[in-house]
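Everything on this sheet refers to the single structure shown next.
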Amino acid sequence: QQLNTELEQRVQQRAERYEMAVSAGKVVLWDWNLETEEIYVDPFLKAWLGYQESEIGSSSTDWGTLVHTDDFAAITTSVNAHLEGLTADFEVEYRLLCKDGSIRWMYARGSAIGDEGGKPYRITGTGTDITDRKRVEAALQKSEEQFRDLFDDAPIALSLANVSDLRIIKVNEAHRQMLGYSDSELAAATFIDITHPEDVKADLEQFQDLVDGNISRFGMEKRLIKKNGDLVWTNLTVTLIRDLDGTPLYSMGAIEDISYRKRAELELQQLKERLQLLLASNPAVIFTLQPVGDFATTYISDNVRAIVGYSSEECLADPHFWSSRIH
């Protein structure tokens, strides 16, 4: 009687351990008799699907009714390949229909057992519930699709490059329109190849600071070379896309065409230089004052030095400069 009690306790302990293992790993056992078409499936799987033990039979037909119709072909292909000796194991991911109409994703893996003549008559293996993983994958795929749509349709030019070799791996339509390169042409280039040589050094220095983690992003004005050889002034903002462990994977560049602003700045600078030349060559000193208050000088031409010896900067620094020097 004591021996029977000890055996019962051991059986109970093993059953509890098995139940804990199944619950933690979501892995069940199955055994498929190819000759009788009977399938033993762990009762835990039936419970996962929402069925009582007696509600699902033990024939392959009974279980076949629970397999999603779109996955029959994958299961058949995998089984046949294994039975023909083309694969070391039978492996397949498929969907099972739950009693409430929902689905569970399963990963089945097994091996065939042959008779004395080597003919397979059983396949035994495990089934793992991978529903949570599939949900995460679906969410990631949806997120990637949304990112791809935002990337492709963005009104500003965007580019994606590998951090390791600086190769351009993806650009959007705005980028193609701005510079005129096709995807295949950019795939064989780095961002250095389409950057004006005089701007490469500053670009690489800031990029290295970004990779090293000294800065979270950087922005700079640089010239890019269009396919036809023309230059376009751009405002570039670069951020990094990192792996889960922090390793830099890709650089994302947002490029704004500022050629119009740069041309306006150049024209303004040229206008200032011409005006300065005109004022400097004029024998009269040109100046402006505030019309009220202390009547401080707001501008005075540089040729004031030739007359009174003071620079224009000195004249502007003190609002009482002139009044304090009148005899």
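Take every pair of alpha-carbon atoms less than 8 Å apart whose residues are at least six positions apart; their mean separation over the length of the stretch 79-149 yields a relative contact order of 22 percent. Taken over the chain, lysine pairs spaced eight or more positions apart, or on distinct chains, with alpha carbons under 13 Å apart number 5.
Per the 1.4 Å probe, what fraction of the accessible area of the stretch 271-327, in percent, lies on carbon and sulfur atoms?
Carbon and sulfur together cover 64 percent of it.
Principal-axis analysis of the Cα atoms of the chain puts helix 259-281 at an angle of about 10° to the longest axis. Scaled against 2.2 N^0.38 Å for its residue count N, the alpha carbon radius of gyration of the stretch 131-184 is 1.43. Calculated [222 nm] ellipticity per residue, helices only, for the chain: -12500 deg cm²/dmol; basis is -39500 (n - 2.57) per DSSP H run with n ≥ 4, divided by all residues, nearest 500. Using θ = phi - 60° in the Karplus curve 6.51 cos²θ - 1.76 cosθ + 1.60, the 3J(HN,Hα) couplings for the stretch 190-198 round to 10, 5, 5, 5, 10, 9, 4, x, 6 Hz; x is entered for Gly and Pro. When the inverse distances between all different Cα atoms of the stretch 28-112 are averaged and flipped, the Kirkwood radius reads 13.4 angstrom. The long axis of helix 2-25 is offset from the longest Cα principal axis of the chain by roughly 30 degrees.
Mean silhouette area of the stretch 136-260, derived from the convex hull of its C-alpha atoms and averaged over all directions, reads 8.2 nm².
Against the chain, whose longest principal axis is taken from its Cα atoms, helix 72-83 shows a tilt of about 70°.
So what does the Cα-only Debye profile of the stretch 215-323 read at q = 0.11, 0.22 Å⁻¹, as log10 I(q)/I(0), no solvent term? Results for the stretch 215-323 at q = 0.11, 0.22 Å⁻¹ read -0.66, -1.13. At q = 0.21 Å⁻¹, what base-10 log of I(q)/I(0) does the Debye formula yield for the stretch 62-145 when every alpha carbon is treated as an equal point scatterer in vacuo? So the normalised log intensities are -1.04.
Pairs of Cα atoms nearer than 8 Å and 6+ residues apart set the relative contact order; for the stretch 134-245 it is 17 percent. If you wrap the Cα atoms of the stretch 69-117 in a convex hull and average its projected area over all directions, you get 4.2 nm². Annotation: per residue accessible area for the chain equals 64 Å², rounded to a whole number [probe 1.4 Å, protein chains only].
I'm spelling it out carefully: the read-out is Rg and Dmax of the Cα atoms in Å, the candidates are (1) 38.4, 130; (2) 27.8, 83; (3) 24.1, 71, and one was derived from this structure. Which label? Identified label for the calculated read-out: (1). If each of ILE241 and ILE225 carries a label point 7 Å out from its Cα toward its Cβ, how far apart are those two points in nm? Using points 7 Å along Cα→Cβ, the separation is 2.7 nm. Its relative contact order, with pairs defined as Cα atoms under 8 Å and 6+ residues apart, puts the stretch 51-174 at 13 percent.
The values are calculated or read from the model by the stated rules, or taken from the named source; none is laboratory data. Since the model is a prediction, treat every value here as computed from it, not as a measurement. Neighbour counts run over all protein chains shown; Cβ positions are idealised from the backbone, glycine included. Calculation scope for accessible area: heavy atoms of the full protein, side chains included, ligands and nucleic acids excluded. Shrake-Rupley method; radii C 1.70, N 1.55, O 1.52, S 1.80 Å.
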